[in-house]
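Bear in mind these aren't lab numbers, they're just calculated from the coordinates by the rules spelled out. No experiment lies behind these values; they were computed from the predicted model shown. As a convention, Cβ positions derive from the backbone with ideal geometry for all residues, glycine included, and neighbour counts pool all protein chains shown.
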Amino acid sequence: MPQNVSIQLSETWKSICDQYSALDHHLTVELTTKNLDAFVAAFYKQILLEPESAEYFSDNIIQKRLIDTLKAWLLETFNVALNGQYESAVLRQQKVGNVHARVGIPSWLIMRGVREIERTMFEYIASDNSTNYMNVVSYVVQLLGFSTEIMCRTYEDKTAKNHEVKHSYRLFSAMQDVAVHKDRQRGSLLDWENDLMFKIFSGQGKFYQQLFSKSEFGLWFIHKASYAFTGSEQVGLITKRIYEIDALTEECMLLEGREQLMLMVQKIRSINREIQHLVDQLFQVTEYIESGNDALTQLLNRRYLNTIVGREISYARKHRSALSLLALDADYFKTVNDRYGHAAGDMALKFIAETLQKFSKGSDYAFRIGGEEFLLLLVDSDLSRAKMVAENIRMCIEDTTLQTSVGEDFNFTVSIGCTQYDGHPDYQRFLDATDLALYSAKNRGRNCVYVTEVQKMA
């Protein structure tokens, strides 16, 4: 939000407060401070009554983080008339609105909770015969309404921008899939089927087969293609068929009779052919879109970072699946550029990109977010896989000697921060935790992997 808008909002806030006496200000602050726990409890009690709240709130998150945040918000809202810090109060409301937009919490849900705070405050005001009832009630309504208004303005601005970026990303990712994944994913689909056939016809009795939804193809479609082609009727059908194959596969692993197995195999193969046909239809998308690629490495750039991370967090929360993130930074990269030239530096950056792709799956997301900084988002991956991938990347880069155009050999290393998603709905918290892990890796001497052990908040 432009600075001049913030100033205007600050002036409006002050004008509202100036309509009331110093006594009204003090009485409201006293009321809020004395009964703060009751007001906060009323807010979250109402919030949790709404079925839609389950996606965003859990008792654990409320107890650990949100109660103190709401208390601070209420105190700041009513204290601003006494301390005169209107601009900082406006910035605080805008920050809260931005967080709600990042997480995707509906504004009506917050307004429902604020309405409950108002109702509870009115009850306490009415029970105090010494209070100037009408003035204080009016003051409470005005301040809570205005502070909520600021949050909603910021929320709407942020949400509108997010929608624009998400639409652009869907088109972009669709084009990426056409260019990069068409043959690869068709091959991975057939590889899974062939592996199942081999295990069944080898006659080894009981066997284990990875579920189709957890295969290379399944993960790619669920985490990338389904979003890229949002709105296409094929997406829903393919998703349904993937889980139908999962169910049939689980049955196969329990069966022993050959005739029953053959019937199951025929069903699976038939569904697989249908999926292939539907995917081919999706791959026919050809449309010019604004690039979200880094020009040098051809990895994703920062443009779609928040969109992708936010979506994968939503998926992880809904399906209770693991999600991990690596942050990489080339060590002493300026030295490489200064000693061997910028062409060598570009070669090193391209090699990092190649290494990220080498040790990642088709469903993962690799970014160059600026300079020598990279991110690797590992979907459906716990800390164990994340640490393994991080070490493989680090060792591969450390053990590889590159050569400049004039025949000079050089080596370099990377520092890596590793974090597993902890269940909090705000994607910025996840990004910040990984950035902090990278900072810790650098402080520990570089050329190492630092893992943030997080406490799950679910």
Highest to lowest packing among 418-428, 44-54, scored as the average C-beta count within 10 Å:
418-428, 44-54
Sites residue 259 and residue 15 - FRET efficiency at Förster radius 60 Å, r taken between beta-carbons, to 0.05
0.15
Counting each pair of different Cα atoms once, what's the Kirkwood radius of the chain in Å, rounded to one decimal?
25.7
What is the dipole size for the chain, taken about its Cα centre, with +1 at each Lys and Arg Cβ and -1 at each Asp and Glu Cβ, in debye to the nearest 20?
440
Find the Rg to Rh ratio for the stretch 1-149, where Rh is the Kirkwood radius over alpha-carbon pairs and Rg uses the same atoms.
0.96
What lysines does residue 240 reach when the alpha-carbon gap must be under 23 Å and sequence neighbours fewer than 8 apart in one chain are set aside?
182, 214, 224, 267, 318, 361
Please arrange 358, 350 by how many other C-beta atoms lie within 10 Å of their C-beta, fewest to most.
358, 350
In deg cm²/dmol and to the nearest 500, what is the mean residue ellipticity at 222 nm of the chain if only DSSP H runs of at least 4 residues count, each as -39500 (n - 2.57), divided by the residue total?
-21000 deg cm²/dmol
Rel. contact order, % - alpha carbon contacts under 8 angstrom, at least six apart, the chain
14
Acute angle (nearest 10 degrees) that the helix 182-201 long axis makes with the longest principal axis of the chain, alpha-carbon atoms:
70
Sorted from fewest to most neighbouring beta carbons within 10 Å, what does the list 111, 262, 134, 121 look like?
134, 262, 111, 121
In what sequence do 246, 18, 329 fall when counting other Cβ within 10 Å, fewest first?
18, 246, 329
As an exercise, take the mean of 1/r over every pair of distinct alpha carbons in the stretch 302-452, invert it, and state the Kirkwood radius in angstroms.
15.7
Projected label distance in nm at residue 214 and residue 60, using a 7 Å step from Cα toward the beta-carbon:
2.1
If you take the charge dipole of the chain about its Cα centre, with +1 on Lys and Arg Cβ and -1 on Asp and Glu Cβ, which of 328, 254, 371 is farthest toward its positive end?
254
Amide H contacts of residue 331 (H built 1.01 Å from N, under 5 Å, at least 5 apart or other chain)
413, 414, 415
Cα axis of helix 342-358 to longest principal axis of the chain: angle in degrees, 0 to 90, nearest 10?
80
Helix 383-399 versus the longest principal axis of the chain: what is the Cα-based angle in degrees, 0 to 90, to the nearest 10?
60
State the Cα centre-to-centre distance between the stretch 310-350 and the stretch 68-83 in whole Å.
40
Using a basic spin-label model with each label point 7 Å from the Cα along Cα→Cβ, how many nm lie between residue 403 and residue 69?
5.4
Simple spin-label estimate for residue 337 and residue 385 in nanometres, 7 Å along Cα-Cβ:
3.5
